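Here is the structure we will look at, set down as structure tokens.
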Amino acid sequence: MTVSTEEDEDRADAMFHALADRTRRDILRRVLVGEHSISALAANYDMSFAAVQKHVAVLERAGLIAKRRNGREQLAHGEMEAVRSVASMLLELEAIWRGRAARIDELLGNEPTSPELE
Amino acid sequence: MPVTDITHDLDSRTLVLTAHFAAPVERVWQIYADARQLEKVWGPPSHPATFVVHELVPGGRAQYFMTSPEGEKYYGWWEIIEVDRPRSFTFDDGFAADDSFTPLADLPVSRNVYAFEAADGGTRATYTAVYASAEALQQVLDMGMIEGATTAMAQIDALLAA
């Protein structure tokens, strides 16, 4: 059992909340590949600039993206290292597969043994 | 827990997972060959999978979607490359935008080999997936984030119930 601090739990809450929205996941996907201005991001969605700005702010609070100012533009980029190192991604994938293996195990355990397969 | 070993190779972005199941190889194979059984295990309980097409033959295709609690659907496809029944099959796994299951060209595809052999009175399953780039892995995990969260929740539930 991993012991997590209150701070870790708050951070996890913020991350899961940030990722629980389709538009925010899409924004994150875009800014992880390259830096985008908020206005360029906003052009991708059928919603107001202010609404997109709010989504970006939620992602920023969760530590998933960071912003910097360049003249009149605000540029956003994903915090690839902080959140999504290849190692952590593989761990996530591992969780998916562990889930599948556990469900197969359960499926196999919940049936009478077929004698012709023994 | 059925999982016996896991290897990550960061350089080649490869994940290899080994699991042991208390059933004959032929029985484990049936889960992958039968869409109705496969959909019981493919998606997490919160996001059940529905296989619309499933042809486990060389050149065959699978088309499936997973449904979120909010009713949002995530579409995916397999292209079956090789089948050596009941020992192994190789397939590419990718995403689609909608129920036309047209592959999304800008989303990554992984190459997977699932292999099964008799071991210790049951079956040893070896699952291998290879991703072309870190970005590809990132995109694939957009779907996986859901399960990551689900797993975390389940662990929290278990902790609370203890």
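The values are calculated or read from the model by the stated rules, or taken from the named source; none is laboratory data. All values reported here derive from a predicted model rather than from experimental measurement. As a convention, Cβ positions derive from the backbone with ideal geometry for all residues, glycine included, and neighbour counts pool all protein chains shown.
Residue-by-condition table, conditions (1) within 9 Å of chain A (Cβ to nearest Cβ); (2) of a type in the set (Val, Ile, Thr); (3) over 26 Å from B:Arg124 (Cβ atoms):
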position	(1), (2), (3)
B:Ala19	yes, no, no
B:Tyr32	no, no, no
B:Leu38	no, no, no
B:Val41	yes, yes, no
B:Pro45	yes, no, no
B:Pro48	no, no, yes
B:Met66	no, no, yes
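Could you tell me whether B:Gly59 is in a strand (DSSP E or B) and closer than 18 Å to B:Arg111 by Cβ?
On the way: in a strand (DSSP E or B): no; closer than 18 Å to B:Arg111 by Cβ: yes.
When the stated conditions are applied, B:Gly59 does not pass them.
Could you list, ordered by first residue, the pairs with Cβ atoms under 6 Å in which the first is in region B:85-103 and touching a residue at least 40 places away in the same chain (Cβ under 8 Å) and the second is of a type outside the set (Val, Ile, Thr) and assigned to a loop (DSSP other than H, G, I, E, B), at least 6 apart or interchain?
Matching pairs, first to second residue: B:Phe95/B:Leu104; B:Phe95/B:Leu107.
Could you look through region B:75-89, keep only residues that are in contact with a Pro (Cβ under 8 Å, 6 or more places away or on another chain) and hydrophobic (A, V, I, L, M, F, W, C), and pick out the one that is modelled with the lowest pLDDT? First the steps, then the outcome.
In the first step, residues of region B:75-89 are kept if they are in contact with a Pro (Cβ under 8 Å, 6 or more places away or on another chain); the result is B:77, B:80-83.
Among the residues that remain, those that are also hydrophobic (A, V, I, L, M, F, W, C) are: B:77, B:80-81, B:83.
On the way: B:Trp77: 93, B:Ile80: 98, B:Ile81: 97, B:Val83: 98.
Here the answer is B:Trp77.
Only one of these is touching a Phe, Trp or Tyr at 6+ places or on another chain (Cβ under 6 Å) and either more than 10 Å from chain A (Cβ to nearest Cβ) or modelled with pLDDT of 85 or more (or both): B:Phe101, B:Phe95. Name it.
Values: B:Phe95 fails: touching a Phe, Trp or Tyr at 6+ places or on another chain (Cβ under 6 Å).
After ruling out the rest, the residue left standing is B:Phe101.
Please state which one of B:Glu82, B:Glu70 is assigned to a loop (DSSP other than H, G, I, E, B) and not small (Gly, Ala, Ser).
Numbers: B:Glu82 fails: assigned to a loop (DSSP other than H, G, I, E, B).
Result of the check over B:Glu82, B:Glu70: B:Glu70.
For region B:6-34, which residues satisfy the criterion of being modelled with pLDDT of 80 or more, out of contact with any Lys or Arg (no Cβ under 6 Å at 6 or more places or on another chain) and part of a strand (DSSP E or B)?
If the condition is that a residue be modelled with pLDDT of 80 or more, out of contact with any Lys or Arg (no Cβ under 6 Å at 6 or more places or on another chain) and part of a strand (DSSP E or B), then B:Thr14, B:Leu15, B:Val16, B:Leu17, B:Thr18, B:Ala19, B:Phe21 are the ones that fit.
Within region A:56-67, can one find any residue that is among the charged types (D, E, K, R), at pLDDT 85 or above and assigned to a helix (DSSP H, G or I)? I'd like the intermediate steps shown before the answer.
Pass one, region A:56-67, residues among the charged types (D, E, K, R): A:60-61, A:67.
Next, from what is left, pick out any that are at pLDDT 85 or above: A:60-61, A:67.
Next cut, assigned to a helix (DSSP H, G or I) only: A:60-61.
Yes, region A:56-67 contains a residue that is among the charged types (D, E, K, R), at pLDDT 85 or above and assigned to a helix (DSSP H, G or I).
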